[in-house]
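The values are calculated or read from the model by the stated rules, or taken from the named source; none is laboratory data. Remember, it's a predicted structure, so these values are computed and weren't measured experimentally. Every residue, glycine among them, receives a Cβ derived from its backbone with ideal geometry; neighbour counts consider all protein chains shown.
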Amino acid sequence: MLIKYFRARWSIKLRQIEEYFVLMVLIGIYKGPICEAMALVLHATSNNKNATKALIAAEYSGVEVQRVKDFEMGVSNKTPEFVKMNPLGKVPVLETPDGPIFESNAIARYVTKLKADNPLYGSSLIDYAHIEQWMDFSATEVDANIARWLYPRLGLIPYVAPVEEASIAALKRSLGALNTHLASNTYLVGHSVTLADIVMGCNLFIGFRMIMTKSFTSEFPHVERYFWTIVNQPNFKKIIGEVKQAESVLPISSKKPQAKESSQPKAKEEPKKEEPKPQVEEEAPKPKPKNPLDLLPPSKMILDDWKRLYSNTKSNFREVAVKGFWDMYDPEGYSLWFCDYKYNDENTVSFVTLNKVGGFLQRMDLARKYAFGKMLIIGSEGPYKVKGLWLFRGKEIPKFIMDEVYDMELYDWKEVDINDEEQKERASQMIEDCEPFEGEPLLDAKCFK
Ligand SMILES: N[C@@H](CCC(=O)N[C@@H](CS)C(=O)NCC(=O)O)C(=O)O
């Protein structure tokens, strides 16, 4: 409008007016409608964790970023206009006066650099390098492994058990390294929040919210402390709100992953005529499928009776509880298993080993109706050995436990031969927390009941 006005009033060429305005903006005189036209526009849904990096960086930097209203994933990012901005058709994309930017870290860097000498980028070259270092670590060592664990469970890519196991192991390795760094550092770099914390916080956010339960993260107490410190910063809260940690690991999705559509925009289709919808009766909710273990023939051994006897026996344990166990034990309805941790040489730190076993028992929660277990952490110093005894309903280790509890694959499993007195005695000693066990003291004994 202003341009039209000048043009009419002094009938000068549009190009000259534009040059004049650019000059005024540069010398900081004019901050009106042109600044509005220069607003940064972020294309993403409100809950996109990659987009939150830029939005949080903008809060810290006093930069205004507007989010596109009514952005619809799968629709808005498939239009020809969008694909021109990001050839993959992925979000987020930031529109700037100088053209679009894709890749969330690049967007967050750009927003941060809009503020001169932004403390989000530290105060020295080495700070800057460390910030970049942790941002790359976050993307490649943390985020990528969370995604490889989470996406198959969401049904976005195929689930392959050994891939999941490898991703979890790689994630634990990364979180272990992060935990060590954070044992003596409040933030990743220096003494205040930097862009590295914003990126790491957003990446951990999806992990904590979707799949990393307390029993998983408790192995990394400094990461936990760091995460809660970061997401409770006012500038984070403004964008992501209150954060709640996942209470359970998502079950494996039965959904077949959809093949990814090409990001090339489709040729315009003729609008389809709305077919009258057939009247469909609302489907009644399907009854929950029964656990196959509930369909086994009844057993004379009542698991709850055994658990009660175990908990209530305060003295003379061998004579009362252990003897009671063997009297009750029904090899037709139950099976007994020894387990032996495969990677005992990694158990060098006592509390980490205890947390690992604690996490395993928490993840077994889904088997409480069908299992009883004893886990011994053995040795007077690291590396500690972890061995256990498990009673399972049925003659095999139940499949749903093997499928759902990833720790199961970290142990060697051997069925107890109850006709072998030596094995039977070993099982009795495990039930009893007998010490020394196999000639060594116990660091701890944990019971799953
Ligand atoms: N490395 C990219 C990842 C972008 C990305 O994967 N975005 C997802 C949403 S979080 C997406 O747009 N997916 C749609 C698709 O794959 O077509 C970034 O950090 O921006």
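Since residue 164 meets every condition but one in (1) within 15 Å of the ligand (Cβ to nearest atom); (2) of a type in the set (Asp, Glu); (3) buried (at least 17 other Cβ atoms within 10 Å of the Cβ), which condition does it not meet?
With respect to (1) within 15 Å of the ligand (Cβ to nearest atom); (2) of a type in the set (Asp, Glu); (3) buried (at least 17 other Cβ atoms within 10 Å of the Cβ), residue 164 is out only on (1).
Considering only segment 102-112, how many residues are within 8 Å of the ligand (Cβ to nearest atom) and β-branched (Val, Ile, Thr)?
Residues meeting the conditions: 1.
Between a first residue in segment 300-321 that is in contact (Cβ under 8 Å) with a residue 12 or more places away in the chain and a second residue that is of a type in the set (Val, Ile, Thr), which pairs have beta carbons less than 6 Å apart while being 6 or more apart in sequence or on different chains?
Within 6 Å, the pairs are 321/313.
Among 170, 177, which is the only one that is touching a helix residue (DSSP H, G or I) at 6+ places or on another chain (Cβ under 7 Å) and closer than 30 Å to residue 410 by Cα?
Step by step, each of 170, 177 is checked, and only 170 is touching a helix residue (DSSP H, G or I) at 6+ places or on another chain (Cβ under 7 Å) and closer than 30 Å to residue 410 by Cα.
Is it fair to say residue 74 is on the phi > 0 side of the Ramachandran plot and touching a residue at least 40 places away in the same chain (Cβ under 8 Å)?
So residue 74 fails the test.
Report, by residue number, each residue of segment 395-415 that is within 16 Å of residue 335 (Cβ to Cβ), among the β-branched types (Val, Ile, Thr) and not in a helix (DSSP H, G or I).
397
Looking at (1) at positive phi; (2) in contact with a Lys or Arg (Cβ under 8 Å, 6 or more places away or on another chain); (3) surrounded by fewer than 17 Cβ atoms within 10 Å (Cβ to Cβ), find the lone condition where residue 439 falls short.
Condition not satisfied by residue 439: (2).
If you scan segment 433-448, which residues turn out to be part of a loop (DSSP other than H, G, I, E, B) and either among the acidic types (Asp, Glu) or outside the structural domain of residue 390 (by TED's automatic domain parsing) (or both)?
Correct list: 433, 435, 438.
Has segment 114-126 got any residue that is of a type in the set (Lys, Arg) and within 16 Å of the ligand (Cβ to nearest atom)?
no
Go through segment 77-86 and give me each residue that's touching an Asp or Glu at 6+ places or on another chain (Cβ under 8 Å) and either part of a loop (DSSP other than H, G, I, E, B) or more than 10 Å from the ligand (Cβ to nearest atom) (or both).
The one that is touching an Asp or Glu at 6+ places or on another chain (Cβ under 8 Å) and either part of a loop (DSSP other than H, G, I, E, B) or more than 10 Å from the ligand (Cβ to nearest atom) (or both): 85.
Looking at segment 51-71, which of the residues that are under 16 Å from residue 100 (Cα atoms) and within 11 Å of the ligand (Cβ to nearest atom) is surrounded by the most Cβ atoms within 10 Å (Cβ to Cβ)?
Checking each candidate, the answer is 54.
Quick one: which of 165, 224, 247, 219 is acidic (Asp, Glu) and without any contact (Cβ under 8 Å) to a residue 24 or more places away in the chain?
Criteria check complete, one pass: 224.
In the list 99, 74, 89, which residue meets the criterion of being more than 10 Å from the ligand (Cβ to nearest atom) and either within 12 Å of residue 44 (Cβ to Cβ) or not aromatic (Phe, Trp, Tyr) (or both)?
Of 99, 74, 89, the one residue that is more than 10 Å from the ligand (Cβ to nearest atom) and either within 12 Å of residue 44 (Cβ to Cβ) or not aromatic (Phe, Trp, Tyr) (or both) is 99.
Looking at (1) over 28 Å from the mean Cα position of the chain (by Cα); (2) modelled with pLDDT under 95; (3) buried (at least 17 other Cβ atoms within 10 Å of the Cβ), can you tell me which one residue 382 breaks?
Of the numbered conditions (1) over 28 Å from the mean Cα position of the chain (by Cα); (2) modelled with pLDDT under 95; (3) buried (at least 17 other Cβ atoms within 10 Å of the Cβ), the odd one out for residue 382 is (3).
When you go through (1) assigned to a helix (DSSP H, G or I); (2) assigned by TED's automatic domain parsing to the domain that holds residue 42 one by one for residue 132, which number turns out not to apply?
Residue 132 satisfies all of (1) assigned to a helix (DSSP H, G or I); (2) assigned by TED's automatic domain parsing to the domain that holds residue 42 except (2).
So which residues in segment 103-129 are among the hydroxyl-bearing types (Ser, Thr, Tyr), more than 18 Å from residue 92 (Cβ to Cβ) and in a helix (DSSP H, G or I)?
Once the filter is applied, which keeps residues that are among the hydroxyl-bearing types (Ser, Thr, Tyr), more than 18 Å from residue 92 (Cβ to Cβ) and in a helix (DSSP H, G or I), segment 103-129 yields 121, 128.
Being part of a loop (DSSP other than H, G, I, E, B) and touching a residue at least 60 places away in the same chain (Cβ under 8 Å) is the filter; apply it to segment 334-380 and report the residue that is farthest from residue 250 (Cα to Cα).
Once the filter is applied, the top-ranked residue is 380.
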